[in-house]
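Novice: Here's a structure for you.
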Amino acid sequence: MTPVLDLQGVAFAYPDGHQALFGVDLHVHPGERVALLGPNGAGKTTLVLHLNGILSAESGHGAGSVRVSGLPVTKKNLAEIRRRVGIVFQDPDDQLFMGSVRADVAFGPANLGLRGAALDKRVMDALEQVGMAEFADRPPHHLSFGQRRRVAVATVLAMEPEILVLDEPSSNLDPASRRELADILRSLDVTVLMVTHDLPYALELCPRSVVLSGGRVVADGRTYDVLTDDELMRAHRLELPWGFDPRSIPVDSLPG
Amino acid sequence: MGAGHGHRLHFHGHSVVHRAPAHLKILALLAFVLVVVATPRDWYAAYAVHLAILLGVVAASRVPLGYLLPRMVIEVPFLLFAALIPFIAEGPQVAVALPGGWELSVSEPGLLAAWGLAAKGTLGVLASLTLAATTEPDAVLRGLQRLRMPELLVQIMAFMVRYLDVVTADLGRMLTAMRSRGADPRSPRHWPALARTLGALFVRSYERGERVHLAMLSRGYDGRLPDVEGAR
């Protein structure tokens, strides 16, 4: 089976000389939900921006290759790559820039050339999936933060991506919004790569975790195994919240 | 559209003026302002007609004057400047009687210039506020688009409308943080700190602009905002 994401030896240095990635290999297969963990400055954001070609070996000093469902990420393929890889950025205010929720969700599919009834259907389907259909005509800046995060997910779902990449999806959400987003993510029939510091969230949603540290992949395995490997966790500045112990969670409630 | 959720300048309503197409309203405003500016300062009767037309439109829009007038404070700096002109302009002097037997000597052409500036400014501001009160910012932008305003300018204005609140909220939080640490942004003693805050706000907004651009590229932006009117 062709992996949705296939990264081989991806290395990258910013123009100022700062080297962020040192040869990353990563495969994500269709239908998987994978958490990308790692301390601040590990290169997670740099890696995410490689997935849809915002950064690439062509744009800086880098090496390696990124393929999305077999299609190499190159300038020539950018439009198709950006349809296949949907990135939800951390701050919804960066992602929602049009005058209404509907126009915002329509932005991506309209760039793909959809018009009229087909566009309308795509927009409403995406909003249904995140439970925000009734807010279609509201300006985004009048929604609560949790609602804006859900609309941000819809803007990307509307492009019918093959993989959904979420940057810190649970940040700044109150516990109820955080749980609602988890329900939505579980209900989606799409491959997910989730960058997060929220380790319980990773355990709850993602059967598999990849740990990035110092620009390298240092662990790749079952989330439960990663979180219970005390030595690995200490070595890479990963800490579980106080009072949280993955071992105390019944095995049959874990995803996977 | 915006059920009681419009912009601060917008007054929700369903009058004829609210429903008129935005591009026609923009053209009407432009024509009105040009005529007002071109009217010689001493045709006093013409100004009465201008004001009557404008008040007629306001009445038809059912936006209360009590809503528009407080928003005219934006004009105050111009009025202050206008009030100064009679005292600093040259030319023949004219004496104005003040209560209490005093007389004030002011420049006659200056007085006329002040009247012109104040009258034209007030009419222009009131007309613009009427447009803003009866038209959603979105509709104004679509109107400009229909009038073949260059795409890039319309996009820039659209982003300004969208991010004005975000940047204002940013500034509000920064000022609250300043106050919480014992600085009063209004006191001249703390102006250097205020200036640095504004600098930081500029940098933050600039960086946000870059992140928004990234998010747009990620969704296939190719330099042209798609016409999403089909989606409604």
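The values are calculated or read from the model by the stated rules, or taken from the named source; none is laboratory data. On a predicted model such as this, the values are computed, not experimentally measured, just so you know. Virtual Cβ from ideal backbone geometry, glycine too; neighbours counted across all protein chains shown. Areas reflect the complete protein model, heavy atoms only, side chains present, ligands, DNA and RNA absent. Shrake-Rupley method; radii C 1.70, N 1.55, O 1.52, S 1.80 Å.
Novice: Report the local net charge at A:Asp6: Lys and Arg +1, Asp and Glu -1, summed over other residues whose C-beta lies under 11 Å from its C-beta.
Specialist: 0
Novice: Pick out, in residue order, every one of the trypsin sites (Lys or Arg not before Pro) in segment A:119-196 that is DSSP loop and has at most 16 other C-beta atoms within 10 Å; say none if there are none.
Specialist: Listed in order of number, the matching sites amount to none.
Novice: For the pair B:Asp165/A:Ala133, report the inter-label distance in nm, with labels modelled 7 Å from Cα in the Cβ direction.
Specialist: Distance between the two pseudo-spin positions: 2.5 nm.
Novice: Extending each Cα 7 Å along its Cβ direction at A:Glu239 and A:His61, get the distance between those two points in nm, one decimal.
Specialist: 3.5
Novice: So how strong a dipole does the protein assembly as shown carry about its Cα centre when Lys and Arg Cβ are +1 and Asp and Glu Cβ are -1, to the nearest 20 debye?
Specialist: Dipole size: approximately 940 debye.
Novice: With viscosity set to 0.692 mPa s and temperature to 37 °C, compute the Stokes-Einstein D of segment A:1-151, Rh being the Kirkwood radius across alpha carbon pairs; µm²/s, no decimals.
Specialist: 191
Novice: Additional query: Quick one: compute a quarter of the convex hull surface over the Cα atoms of segment B:122-176 and quote it in nm².
Specialist: Projected area, direction-averaged: 5.2 nm².
Novice: May I ask you to list, by number, the DSSP H helices of chain B whose Cα span along the axis is at least 15 Å and whose average Kyte-Doolittle hydropathy reaches 0.0 or more?
Specialist: Long hydrophobic helices here: B:22-38, B:44-61, B:76-88, B:108-134, B:151-180, B:191-218.
Novice: Considering every Cα-Cα pair within segment B:1-83, what fraction, in whole percent, is farther apart than 16 Å?
Specialist: Everything past 16 Å amounts to 67 percent.
Novice: Relative to the compact globular guide of 2.2 N^0.38 Å, what is the alpha carbon radius of gyration of chain A, as a ratio?
Specialist: 1.00
Novice: Taking θ = phi - 60°, what integer Hz values does the Karplus form 6.51 cos²θ - 1.76 cosθ + 1.60 yield along segment A:239-247, in sequence order, with x for Gly and Pro?
Specialist: Those phi angles translate into 9, 7, x, 4, x, 9, 10, x, 5 Hz.
Novice: So if I place +1 on the C-beta of Lys and Arg and -1 on the C-beta of Asp and Glu, and nothing else carries charge, what would the dipole magnitude of segment B:3-138 be about its Cα centre? I want it in debye, nearest 20.
Specialist: Dipole about the Cα centre, nearest 20: 540 debye.
Novice: Can you tell me the FRET efficiency between B:Ala48 and A:Arg115 if r is taken as the Cβ-Cβ distance and R0 is 60 Å, rounded to the nearest 0.05?
Specialist: In this case the efficiency is close to 0.75.
Novice: Divide by every residue of chain A the summed helix terms, -39500 (n - 2.57) for each DSSP H run of at least 4, and state the resulting mean residue ellipticity at 222 nm, rounded to the nearest 500 deg cm²/dmol.
Specialist: -9500 deg cm²/dmol
Novice: Sticking with this structure for a sec: I'm a student and want to see the number: the projected area of the Cα convex hull of segment B:150-230, averaged over all directions, in nm².
Specialist: Computing the convex hull of the Cα atoms and averaging its projections yields 7.1 nm².
Novice: Okay, moving on. Write out the trypsin sites (Lys or Arg not before Pro) in segment B:46-155 meeting two conditions: DSSP loop, and at most 15 other Cβ atoms within 10 Å of their Cβ.
Specialist: Passing sites in segment B:46-155 are B:Arg62, B:Arg148.
Novice: Also, quick follow-up: Scan chain A and hand back the longest stretch that contains none of the GluC sites (Glu not before Pro) lying in DSSP loops with at most 13 other Cβ atoms within 10 Å.
Specialist: That would be A:59-238.
Novice: Could you grab the Rg to Rh ratio for segment B:93-232? Cα atoms only, Kirkwood for Rh.
Specialist: Dividing the radius of gyration by the Kirkwood radius yields 1.17.
Novice: Which one, A:Gly113, A:Pro30, A:Leu181, is farthest towards the positive end of the dipole of chain A when Lys and Arg carry +1 and Asp and Glu -1 on their Cβ?
Specialist: A:Gly113
Novice: Do any chymotrypsin sites (Phe, Trp or Tyr not before Pro) in segment A:204-256 lie in a DSSP loop with no more than 13 other beta carbon atoms within 10 Å, and if so, which?
Specialist: Qualifying residues, ordered by number: A:Trp242, A:Phe244.
Novice: Shifting gears a bit: In Å², what does the accessible area per residue of segment B:16-136 work out to with a 1.4 Å probe?
Specialist: I get 59 Å² per residue for segment B:16-136.
Novice: Can you list the residues in segment A:64-89 whose accessible area drops by at least 20 Å² when all protein chains are present, compared with the chain alone? Use a 1.4 Å probe, heavy atoms only.
Specialist: Hits at the 20 Å² cut-off: A:Arg82, A:Phe89.
Novice: In chain B, once you exclude exposed chymotrypsin sites (Phe, Trp or Tyr not before Pro) (DSSP loop, at most 16 other Cβ within 10 angstrom), what's the longest stretch remaining?
Specialist: B:103-232
Novice: Something else about it: Residues of segment B:120-155 with the amide nitrogen closer than 18 Å to a label point 7 Å from the Cα of B:Ala20, along Cα-to-Cβ, please.
Specialist: B:123-147
Novice: Hey, rough spin-label estimate for B:Phe78 and B:Val106, points 7 angstrom out along Cα→Cβ, what's it come to in nanometres?
Specialist: About 1.9 nm, to one decimal.
Novice: To continue, here is another question. Using 1/(1 + (r/R0)^6) with R0 = 22 angstrom and r between the beta carbons of A:Leu188 and B:Arg211, what's the FRET efficiency to the nearest 0.05?
Specialist: That pair, A:Leu188 with B:Arg211, gives E of 0.35.
Novice: Cα convex hull of the protein assembly as shown: how many Å³ per residue?
Specialist: Convex hull volume per residue, Cα atoms: 216 Å³.
Novice: Another question about this same structure. Calculate the dipole size of segment A:5-253 relative to its Cα centre from +1 charges on Lys and Arg beta carbons and -1 charges on Asp and Glu beta carbons; express the result in debye to the nearest 20.
Specialist: For this selection, approximately 580 debye.
Novice: May I pose another question? If you consider only alpha-carbon coordinates, what radius of gyration and Dmax does segment B:1-147 have, in Å?
Specialist: Over segment B:1-147's Cα set, Rg and Dmax evaluate to 18.5, 60 Å.
Novice: What is the ratio of the Cα radius of gyration of segment A:89-217 to 2.2 N^0.38 Å, where N is its residue count, to two decimals?
Specialist: 1.06
Novice: So how much accessible surface do A and B hide from each other in total, probe 1.4 Å, in square angstrom to the nearest 100?
Specialist: Roughly 2800 Å².
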